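All remarks here apply to the structure that follows.
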Amino acid sequence: MTNEAPKDLLNICRFCLSRDEENLIPMENVLLLTLTFQDILLFTGVKIEDDDKTLFAMCVECTKKLTISTAFRNSCLKNDTAFRDLCSDLVAKTKAARVEAALALLAEAEAEEIVDGYRTPPTPHYDTIELDSDDEFSYSANYIKPGEVLYIEEAVYKPSDWDTSLNPDAPPYIWHPREPGRRRLHLCEICGQKVGHLKSHYLDHGEATISCPHCPVKMKKKSGIKEHIETVHLRTITKTCEICGKGFVHYKTYRYHMISHQDEAKEFECTACSKTFTNSFYLRDHINRLHNPARKAKPKTPGEEIVRK
């Protein structure tokens with residue numbers, strides 16, 4: 001967008017200053033169809049006078065944003081009225097329920113009788129049975145006088161004989177002595193391997209769900225993703241040669257480099273073909289690649305198999 005003044009105010013948007021003439025609409029048409037002066041002042045903070053509506057224009061994007069904001073505000077105001085009606089109904093029902101519960105408690109309290117300081121419930125209606133006063137069995141629990149002391153025969157405690165119990169005996173405790181200086185290992189029920197920490201070991205049996213934020217690689221542990229980012233994406237140097245000052249990202253390449261310093265000015269000869277090498281690792285790889293019949297070589301092309309003679 002250039003800083004030159006427009007030739008006509010209708011060639012620039014009043015709000016976003018867009019000069020795309022194909023997307024500009026006269027503000028008079030917008031105010032006539034969808035928006036009002038109050039909507040524009042409320043959502044933009046810009047006050048438009050009635051006499052200026054024929055001088056300004058609006059782009060399509062600003063018109064859409066103002067229309068959506070106005071519709072959302074009108075919807076909120078309409079729903080607020082309905083929400084307040086629902087709240088008033090709910091409050092009225094709650095008050096009625098509380099009044100009903102209070103009346104029920106009051107009626108229950110009035111029905112109770114207080115005799116000699118004891119609160120007793122109302123006497124239930126039983127079928128009356130006429131008994132002679134001289135009858136030996138004229139006593140009834142329904143006619144207990146308030147404050148009467150009842151004597152209840154205490155039950156005699158009899159200890160249980162656990163020797164005759166039908167429960168099986170507990171297995172004997174087996175004490176496993178722990179070797180000093182060694183960490184206690186736990187048996188994995190999946191692979192049968194003894195590990196020091198089962199929770200982190202179980203992650204090796206699950207699926208790779210932790211993704212790298214820089215590439216499609218997925219791993220099972222956060223520590224693996226952290227090491228992958230440092231070695232592959234950040235190329236962080238973890239080891240430095242103290243002899244020549246060369247830095248290495250992987251510890252394995254650092255080991256190979258240090259052995260190359262150790263094997264300087266030496267020759268290593270293959271006993272099978274008399275070929276010489278300047279490094280013991282090169283000799284080992286040569287033997288495994290050509291003279292080890294138990295190790296299968298990698299095929300050069302897919303589908304091709306190499307059989308050692």
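The values are calculated or read from the model by the stated rules, or taken from the named source; none is laboratory data. Predicted, not measured: the structure shown is a model, and the values here were computed from it. Virtual Cβ from ideal backbone geometry, glycine too; neighbours counted across all protein chains shown. What goes into the accessible areas is simple: the full protein's heavy atoms, side chains included, and nothing from ligands, DNA or RNA. Shrake-Rupley method; radii C 1.70, N 1.55, O 1.52, S 1.80 Å.
For segment 175-197, indicate whether the set of residues that are in contact with a Phe, Trp or Tyr (Cβ under 7 Å, 6 or more places away or on another chain) and either surrounded by 12 or more Cβ atoms within 10 Å (Cβ to Cβ) or more than 30 Å from residue 261 (Cα to Cα) (or both) is non-empty. Scanning segment 175-197, I find no residue that is in contact with a Phe, Trp or Tyr (Cβ under 7 Å, 6 or more places away or on another chain) and either surrounded by 12 or more Cβ atoms within 10 Å (Cβ to Cβ) or more than 30 Å from residue 261 (Cα to Cα) (or both), so the answer is no.
Looking only at residues of segment 45-81 that are among the hydroxyl-bearing types (Ser, Thr, Tyr) and farther than 18 Å from residue 10 by Cβ, we find that the one that is surrounded by the most Cβ atoms within 10 Å (Cβ to Cβ) is 70. Per this entry, residue 106 is counted among residues that are of a type outside the set (Asp, Glu) and open to solvent by 80 Å² or more (accessible area, probe 1.4 Å). Going through segment 245-301 one residue at a time, which ones are at pLDDT 85 or above, under 30 Å from residue 234 (Cα atoms) and of a type in the set (S, T, N, Q)? 253 - this is the single residue of segment 245-301 that is at pLDDT 85 or above, under 30 Å from residue 234 (Cα atoms) and of a type in the set (S, T, N, Q).
Looking only at residues of segment 201-224 that are among the hydroxyl-bearing types (Ser, Thr, Tyr) and either outside any helix (DSSP H, G or I) or open to solvent by less than 70 Å² (accessible area, probe 1.4 Å) (or both), we find that the one that is nearest to residue 255 (Cα to Cα) is 211. Taking segment 6-44 as the range and being out of contact with any helix residue (DSSP H, G or I) (no Cβ under 8 Å at 6 or more places or on another chain), open to solvent by less than 60 Å² (accessible area, probe 1.4 Å) and over 14 Å from residue 60 (Cα atoms) as the test, only 6 passes.
Could you list, in sequence order, the residues of segment 225-239 that are touching a strand residue (DSSP E or B) at 6+ places or on another chain (Cβ under 8 Å) and either open to solvent by less than 60 Å² (accessible area, probe 1.4 Å) or among the basic types (Lys, Arg) (or both)? 225, 228, 239, listed by residue number.
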